[in-house]
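S.K.: One structure follows; several queries about it will come next.
The values are calculated or read from the model by the stated rules, or taken from the named source; none is laboratory data. It should be emphasised that the depicted structure is a prediction, and the values quoted were computed from it without experimental measurement. Here the Cβ is made from the backbone with ideal geometry for all residues, glycine too, and neighbour counts use every protein chain on show.
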């Protein structure tokens, strides 16, 4: 059975924006050593295009085979197989359920640490503000007492002035 494939001028992969690519790599993690990736794992990758001197994103496929000499690997999409050169290629592997849980756990722990640090800062701020409020209340009490004293003195002065004016 032969497949007659006519390549369009611009493929789906070539139309992907940076945002689209980020979305496509959402549940994937960069591969440090391709030899540690299990056969059957789904890979996405960037190849380096020597002509345009740019990285080009590829949606990839499931890993079938890794060349013993580390030159290339073989991927499949279930219908066809193709080889990808290993040197100068950046591979991303789909996280297994366990890896995904672990990554999610790390993200949650990082967020919790950040939230905890924010909470500690907020508690310190509240404590400092409560101290300032207490000091302001004490200062207000003193000012009220002083105001009462001054009002009493003013009342006494007014009484004395009124007495002198009546004479």
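S.K.: Spot the failing condition for residue 165; the list is (1) assigned to a helix (DSSP H, G or I); (2) surrounded by 10 or more Cβ atoms within 10 Å (Cβ to Cβ), and only one is missed.
M.R.: The single condition residue 165 does not satisfy is (2).
S.K.: Within the range 1-36, count every residue that is under 12 Å from residue 59 (Cα atoms), in a loop (DSSP other than H, G, I, E, B) and free of Cβ contacts under 8 Å to residues at least 60 places away in the same chain.
M.R.: 2
S.K.: Mind checking which strands (runs of 3 or more DSSP E) fall wholly inside the range 66-146 and carry at least 3 residues that are under 30 Å from residue 35 (Cα atoms) and in contact with a helix residue (DSSP H, G or I) (Cβ under 9 Å, 6 or more places away or on another chain)? Steps first, answer last, please.
M.R.: On the way: elements: 72-76, 81-85, 89-94.
In the range 66-146, the matching strands (runs of 3 or more DSSP E) lie at 89-94.
S.K.: Without any contact (Cβ under 8 Å) to a residue 12 or more places away in the chain, more than 21 Å from the chain's Cα centre (by Cα) and surrounded by 10 or more Cβ atoms within 10 Å (Cβ to Cβ) - does that describe any residue in the range 109-123?
M.R.: yes
S.K.: Restricting to the range 37-52, give me the number of residues that are surrounded by fewer than 16 Cβ atoms within 10 Å (Cβ to Cβ) and not in a loop (DSSP other than H, G, I, E, B).
M.R.: Of the residues in that region, 3 qualify.
S.K.: Given the options 65, 55, name the one that is over 18 Å from residue 11 (Cα atoms) and either in contact (Cβ under 8 Å) with a residue 40 or more places away in the chain or surrounded by 13 or more Cβ atoms within 10 Å (Cβ to Cβ) (or both).
M.R.: Sole residue among the options that is over 18 Å from residue 11 (Cα atoms) and either in contact (Cβ under 8 Å) with a residue 40 or more places away in the chain or surrounded by 13 or more Cβ atoms within 10 Å (Cβ to Cβ) (or both): 65.
S.K.: For the range 72-83, give me the residue count where each residue is touching a strand residue (DSSP E or B) at 6+ places or on another chain (Cβ under 7 Å) and without any contact (Cβ under 8 Å) to a residue 24 or more places away in the chain.
M.R.: Residues meeting the conditions: 7.
S.K.: Further question on the same structure: Would it be correct to say that residue 158 is at pLDDT 95 or above, surrounded by 10 or more Cβ atoms within 10 Å (Cβ to Cβ) and over 51 Å from the mean Cα position of the chain (by Cα)?
M.R.: no
S.K.: Run residue 63 past the list (1) modelled with pLDDT of 95 or more; (2) part of a helix (DSSP H, G or I); (3) within 21 Å of residue 21 (Cα to Cα) and report the number of the one that doesn't hold.
M.R.: (2)
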